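Chemist: I have a structure here, written as structure tokens, and I will follow up with some questions on it.
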Amino acid sequence: MRIFGLLTVLLCGGLLIYHTADFPAWGDPASPASTHLSPYYIEHSIDDTMVPNLVTAVLADYRSYDTMFETVVVFAAGIACFFLLRAAKSKTPESMLYRHIPTGITLRIEKGSKTPPDSADFERIDSVWVPYDLIIKITCRLLVPFIQLFALYVVAHGHHSPGGGFQGGVIFGAALILFALTHNLSNSLKRINEKTSALFAASGVLVYAGTGILCLLLGANFLDYSALAPLLGGDPKMAHSHGILIVEIGVAIAVMAVMVWIYYNLASRGRHDEGL
Amino acid sequence: MIWQLDLIIMVLVIAAGIGAISVKDNLGAAILFGAYSFLMCLLWAIMGAVDVAFTEASVGAGVSTVFFVAAVFRTTRRTKD
Amino acid sequence: MDGLFDFIVSKYNYWGYVVLMMIGMYAMIVKKNLVKKIIGMNIFQTAIILFYVSIGAKRDATLPIIAHGHGDAHHAVHAVDYMNPLPHVLMLTAIVVAVATLGVALALTIKIYKQYNTLEEDEINARLRGR
């Protein structure tokens, strides 16, 4: 099997390497990929949309159908993880561990016994619990707000610099995952729980598709942002720029929520009680 | 586009890729895959695809490594090959 | 000699992507561990993305962000001065979809581990035949 697999791979690779001789040279400005469609995008996008970052302009304006369905794919992946892993009913565990923070004593509460009052002194801990590293905990607590601020900057500044909805959404989700990693899962579920993340994921797709429907209702084509000019103020070209921003915000919300949602399901095997 | 720099990083990418599939520990494979993703992001930044490199730096080196580590934590590190 | 050197410089990028693709394909076919197979699938994906990005590269061109500023006189934009943004757009969305599919694949892996208590393909096959 190993030899057979290696032979197949070498045959495919050999054929592909043999045919690279016919490819255009690397970085050739006259290659077919650079001569047909992309010159139009490069030369006209700043006139059409007032967005200097060509990638953002093509992503959310010229090819916004494509991006809309990519967002739907990400949303569908979140739902698929939910249906594959999520346990239908959370059963109460046999025993729960609580930690009294000032003294560091761990209490094991058997099923049916009285649980400690919900105060700052007691916290529930996982069954496999290692003491939190103080430096990691404090550093991440200080870093998370700045990572989130940077994520919002990436979303909002995607018109003028590298960035946009996908990157900003993933960075925002990564900040929440960092919080869940350095504290425990139940702490982060208190901040953003499963219902919230599912609602955010759906509402991000809704913002994107809703912008398209709104354009349709205002008498233009689906996702033709120039129809939004009377609502947003400014001329139709500036409306393209604002429409791209709205759509990018929708993408960012959906991607952020789906990343957090998938992480919750993977890290707790769908039970949402104990995590990584 | 400096082809010498590109060549060095491409050799590192291939080395990290071979390492990621040949190390006999799932957690080590996940970490090496994160390194592979980050080197790949450098390669794209050299080729001028800044948006793609940005996405890969946040997605490939950040979130997907965490997904791998979470999955290995919930399954097993043991692997035969 | 000079011609051969130029040929290698203009083509080695494609060879690099073919080698990466071979690594990923080898891992998907030969490796028995499911996590290793998923890592191979991701390497395969990034190899294809690398191919698209290297198609979009252009000699003596700058990043696909048009130079601008407040109050600048509007000047003409020439296509040869900027890299091809189209492959970048296609691949940017492909990366995000790749991480979403990675999540689904790992969810399936966790489900399989719950059922069979192993990640090795041959052990799972033996369990399936034994029934």
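Chemist: Considering region A:40-65 alone, what residues qualify as being open to solvent by 10 Å² or more (accessible area, probe 1.4 Å) and not in a helix (DSSP H, G or I)?
Modeler: A:M50, A:R63
Chemist: Being of a type outside the set (A, V, I, L, M), open to solvent by less than 90 Å² (accessible area, probe 1.4 Å) and within 7 Å of chain C (Cβ to nearest Cβ) is the filter here, so list the residues in region A:1-18 that pass it. Outline the logic, then answer.
Modeler: Initially, region A:1-18 is screened for residues of a type outside the set (A, V, I, L, M), giving A:2, A:4-5, A:8, A:12-14, A:18.
With the extra rule that they be open to solvent by less than 90 Å² (accessible area, probe 1.4 Å), the set shrinks to A:5, A:8, A:12-14.
Result: A:G5, A:T8, A:C12, A:G13.
Chemist: Being of a type in the set (D, E) and within 30 Å of A:A87 (Cβ to Cβ) narrows it down to one residue among A:D235, A:D273, A:D224; which is it?
Modeler: Details: A:D235 fails: within 30 Å of A:A87 (Cβ to Cβ); A:D224 fails: within 30 Å of A:A87 (Cβ to Cβ).
None of the others qualify; the one that does is A:D273.
Chemist: For region B:63-72, enumerate the residues that are open to solvent by 10 Å² or more (accessible area, probe 1.4 Å), touching a Leu at 6+ places or on another chain (Cβ under 9 Å) and free of Cβ contacts under 8 Å to residues at least 40 places away in the same chain.
Modeler: Listed by number, the list holds a single entry, B:V66.
Chemist: While we're here: For region C:108-131, give me each residue that is exposed (fewer than 14 other Cβ atoms within 10 Å of the Cβ) and not in a helix (DSSP H, G or I).
Modeler: Of everything in region C:108-131, those that are exposed (fewer than 14 other Cβ atoms within 10 Å of the Cβ) and not in a helix (DSSP H, G or I) turn out to be C:N117, C:R131.
Chemist: Still on this structure, please answer the following. Any idea how many residues of region C:19-41 are facing another protein chain (nearest Cβ under 7 Å), touching a residue at least 24 places away in the same chain (Cβ under 8 Å), more than 18 Å from A:T20 (Cβ to Cβ) and open to solvent by less than 40 Å² (accessible area, probe 1.4 Å)?
Modeler: Of the residues in that region, 2 qualify.
Chemist: Of the numbered conditions (1) facing chain C (nearest Cβ under 7 Å); (2) closer than 30 Å to A:P29 by Cβ; (3) open to solvent by less than 30 Å² (accessible area, probe 1.4 Å), B:W3 fails exactly one; give the number of that condition.
Modeler: (3) is the only condition that B:W3 fails.
Chemist: To continue, here is another question. Please go through region A:158-178 and give me each residue that is within 12 Å of chain B (Cβ to nearest Cβ) and open to solvent by 30 Å² or more (accessible area, probe 1.4 Å), ordered by number.
Modeler: A:P162, A:F172, A:A174, A:L176, A:L178
Chemist: Something else: Just name the residue that is surrounded by the most Cβ atoms within 10 Å (Cβ to Cβ) out of those in region B:11-29 that are over 12 Å from the mean Cα position of the chain (by Cα) and under 17 Å from B:A61 (Cα atoms).
Modeler: B:N26
Chemist: Filter region B:55-69 for residues that are touching a Phe, Trp or Tyr at 6+ places or on another chain (Cβ under 9 Å) and within 21 Å of A:A151 (Cβ to Cβ) and give the result.
Modeler: B:T55, B:E56, B:A57, B:S58, B:V59, B:G60, B:A61, B:V63, B:S64, B:T65, B:V66, B:F67
Chemist: Tell me, which helices (runs of 4 or more DSSP H) wholly within region A:191-276 include 3 or more residues that are at pLDDT below 90? If you could, list the steps in order and put the result at the bottom.
Modeler: Working: elements: A:194-217, A:229-232, A:236-267.
In region A:191-276, A:229-232, A:236-267 are the helices (runs of 4 or more DSSP H) which contain 3 or more residues that are at pLDDT below 90.
Chemist: Would you say A:P29 is facing chain C (nearest Cβ under 7 Å), open to solvent by 30 Å² or more (accessible area, probe 1.4 Å), free of Cβ contacts under 8 Å to residues at least 40 places away in the same chain and outside any helix (DSSP H, G or I)?
Modeler: yes
Chemist: Scan region A:182-226 for residues that are touching a helix residue (DSSP H, G or I) at 6+ places or on another chain (Cβ under 9 Å), surrounded by fewer than 18 Cβ atoms within 10 Å (Cβ to Cβ) and among the charged types (D, E, K, R) and jot them down.
Modeler: Residues satisfying the conditions are A:R191, A:E194.
Chemist: If you go through region B:44-62 one residue at a time, do you hit one that is in contact (Cβ under 8 Å) with a residue 40 or more places away in the chain, in contact with a helix residue (DSSP H, G or I) (Cβ under 8 Å, 6 or more places away or on another chain), more than 7 Å from every other protein chain (Cβ to nearest Cβ) and more than 27 Å from A:Q167 (Cβ to Cβ)?
Modeler: No, region B:44-62 contains no residue that is in contact (Cβ under 8 Å) with a residue 40 or more places away in the chain, in contact with a helix residue (DSSP H, G or I) (Cβ under 8 Å, 6 or more places away or on another chain), more than 7 Å from every other protein chain (Cβ to nearest Cβ) and more than 27 Å from A:Q167 (Cβ to Cβ).
The values are calculated or read from the model by the stated rules, or taken from the named source; none is laboratory data. In this text, all values refer to a predicted model and were calculated from it rather than measured experimentally. Note: ideal-geometry Cβ built from the backbone for every residue, glycine included; neighbour counts use all protein chains shown. Each accessible area value is taken on the protein alone, full model and side chains, heavy atoms only, with ligands, DNA and RNA left out. Shrake-Rupley method; radii C 1.70, N 1.55, O 1.52, S 1.80 Å.
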